[in-house]
Amino acid sequence: MTDIISSTQSHTRGNDDEPLLSVRDLTVTFQRHGDEPFVAVDKVSFDLRPGDTLGIVGESGSGKSVTSLAIMGLLPDRGVRVEGEVLYNGQDLLKLSPTQMRDRRGAELGMIFQDPLSSLNPVVPIGLQVTEVLERHRGLSRKAATPLAREMLDRVGIPDPDRRLKDYAHQLSGGMRQRALIAMALAASPRVLIADEPTTALDVTIQAQILAVLKDLVEDTGTALIMITHDLGVVAGLVDTVNVMYAGRVVERADRHPLFAEPRHPYTAGLLASIPRLDGSRGERLRPIPGSVADNLPWTSACAFAPRCSQPIDQCVAQTPELVEHGDRALRCFNPMEVPR
Ligand SMILES: Nc1ncnc2c1ncn2[C@@H]1O[C@H](COP(=O)(O)OP(=O)(O)OP(=O)(O)O)[C@@H](O)[C@H]1O
Ligand SMILES: [Mg+2]
């Protein structure tokens, strides 16, 4: 399995290096009161080397945030079971104490959270928050860090950064807070950065600017990036490899270009059909995927996606599809899309 997963990254830089982050069969089960245990993330595996970029794409509730919180050691300690391995430089993060894990967050493992307000300190001006990250993680003096903090705010598109340095989180708009949070994560210059829907709250111009900043970070510092989004359009120009998740499982994995050119899973094809394309002919309608996750079948006895699928066959409602490797792609589907020849 390891070899096959590694081969999907073969075109990326740092090919001969050991993976920086190696996620193996990561499984997260919530024990909800009085309910059956709920498997939110089911045997997710991937490797990241320095400079690699991975997109994790799927609809709301597919397990994207839970995957990232599990990697960062940020899930609640009660009512949840985390299994598998999260190897960072060969060491299993799931076995570390909360204190050891806290030491790794920031400079080694950075995260841009989906919810910016809860991740900014309300009583410290944002400029100082960025400055403190630079002091703590890069060992800079206050004097050296302050102008750099200003530069970081400017880089993520915060207008009038000199004034904004003194602002508190509540004085900023949602999009501005998100940008401040991104500046903080970048300031730590982490080796692995998980960005969870970092641009959802932002308008398209700022979104493009943030994506460019993330791309620069990867190219300049070799940070390995995990980009989490429900929108395939966001990862289109950014990542090498895409993991498409549905109901907690990876249903398709491929390098970005073949995935966009020839989606094999009907769910991936559905996601692609529902994003606006610049090259689409005028008047072409976007086709949302019918139904909702409420229609899902249990993975234990079927394909969860079958009730919403464009081309289900009998097997899909009677048997669990496995994730099968095909060359440098992987697919969990009994009746994949035809590949045009
Ligand atoms: N603390 C928790 N307790 C119980 N269930 C949870 C908890 N956190 C998440 N879940 C459930 O796990 C599933 C996956 O949630 P997750 O937040 O990872 O989705 P997501 O893919 O990030 O969606 P979105 O695009 O809306 O952010 C959901 O069904 C969610 O209700
Ligand atoms: Mg989420």
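Spot the failing condition for residue 36; the list is (1) at pLDDT below 95; (2) under 26 Å from residue 322 (Cα atoms); (3) within 16 Å of ligand 2 (Cβ to nearest atom), and only one is missed. Answer for residue 36: the failing condition is (3). Looking only at the stretch 83-132, residues that are away from ligand 2 (no atom under 16 Å from the Cβ), without any contact (Cβ under 8 Å) to a residue 12 or more places away in the chain and either among the hydroxyl-bearing types (Ser, Thr, Tyr) or buried (at least 18 other Cβ atoms within 10 Å of the Cβ) (or both) come to 2 in all. Tell me, please, whether a residue that is open to solvent by less than 50 Å² (accessible area, probe 1.4 Å), within 13 Å of ligand 2 (Cβ to nearest atom) and assigned to a strand (DSSP E or B) can be found in the stretch 56-68. Looking for residues that are open to solvent by less than 50 Å² (accessible area, probe 1.4 Å), within 13 Å of ligand 2 (Cβ to nearest atom) and assigned to a strand (DSSP E or B), one finds at least one in the stretch 56-68, hence yes.
Hey, any hits in the stretch 142-151 for a residue that's buried (at least 24 other Cβ atoms within 10 Å of the Cβ) and not small (Gly, Ala, Ser)? There is no residue in the stretch 142-151 that is buried (at least 24 other Cβ atoms within 10 Å of the Cβ) and not small (Gly, Ala, Ser).
Picking from residues in the stretch 171-185 that are in contact (Cβ under 8 Å) with a residue 40 or more places away in the chain and of a type in the set (A, V, I, L, M), the one that is surrounded by the fewest Cβ atoms within 10 Å (Cβ to Cβ) is 172.
The residues on offer are 86, 44, and the sole one that is within 14 Å of ligand 1 (Cβ to nearest atom) and assigned to a strand (DSSP E or B) is 44. Among the residues of the stretch 222-249, the ones that are in a strand (DSSP E or B) and open to solvent by less than 10 Å² (accessible area, probe 1.4 Å) come to 12 in all. Entry remark, the stretch 186-201: residues being open to solvent by 10 Å² or more (accessible area, probe 1.4 Å) and either in a helix (DSSP H, G or I) or within 16 Å of ligand 1 (Cβ to nearest atom) (or both) number 3 in total. Among the criteria (1) under 25 Å from residue 235 (Cα atoms); (2) open to solvent by 50 Å² or more (accessible area, probe 1.4 Å); (3) hydroxyl-bearing (Ser, Thr, Tyr), the one residue 168 does not fulfil is (1).
Condition check: assigned to a loop (DSSP other than H, G, I, E, B), buried (at least 22 other Cβ atoms within 10 Å of the Cβ), in the same structural domain as residue 55 (by TED's automatic domain parsing) and out of contact with any Lys or Arg (no Cβ under 8 Å at 6 or more places or on another chain). Does residue 159 satisfy that?
Details: assigned to a loop (DSSP other than H, G, I, E, B): yes; buried (at least 22 other Cβ atoms within 10 Å of the Cβ): no; in the same structural domain as residue 55 (by TED's automatic domain parsing): yes; out of contact with any Lys or Arg (no Cβ under 8 Å at 6 or more places or on another chain): yes.
Considered against the rule, which asks whether it is assigned to a loop (DSSP other than H, G, I, E, B), buried (at least 22 other Cβ atoms within 10 Å of the Cβ), in the same structural domain as residue 55 (by TED's automatic domain parsing) and out of contact with any Lys or Arg (no Cβ under 8 Å at 6 or more places or on another chain), residue 159 comes out as no.
The values are calculated or read from the model by the stated rules, or taken from the named source; none is laboratory data. In this text the structure is predicted, and so the values were computed from the model without any measurement. Because the Cβ atoms are built from the backbone with ideal geometry, glycine has one as well, and the counts that use them run over all protein chains shown. Quick note on the areas: whole protein, heavy atoms, side chains included, nothing else; ligands and nucleic acids left out. Shrake-Rupley method; radii C 1.70, N 1.55, O 1.52, S 1.80 Å.
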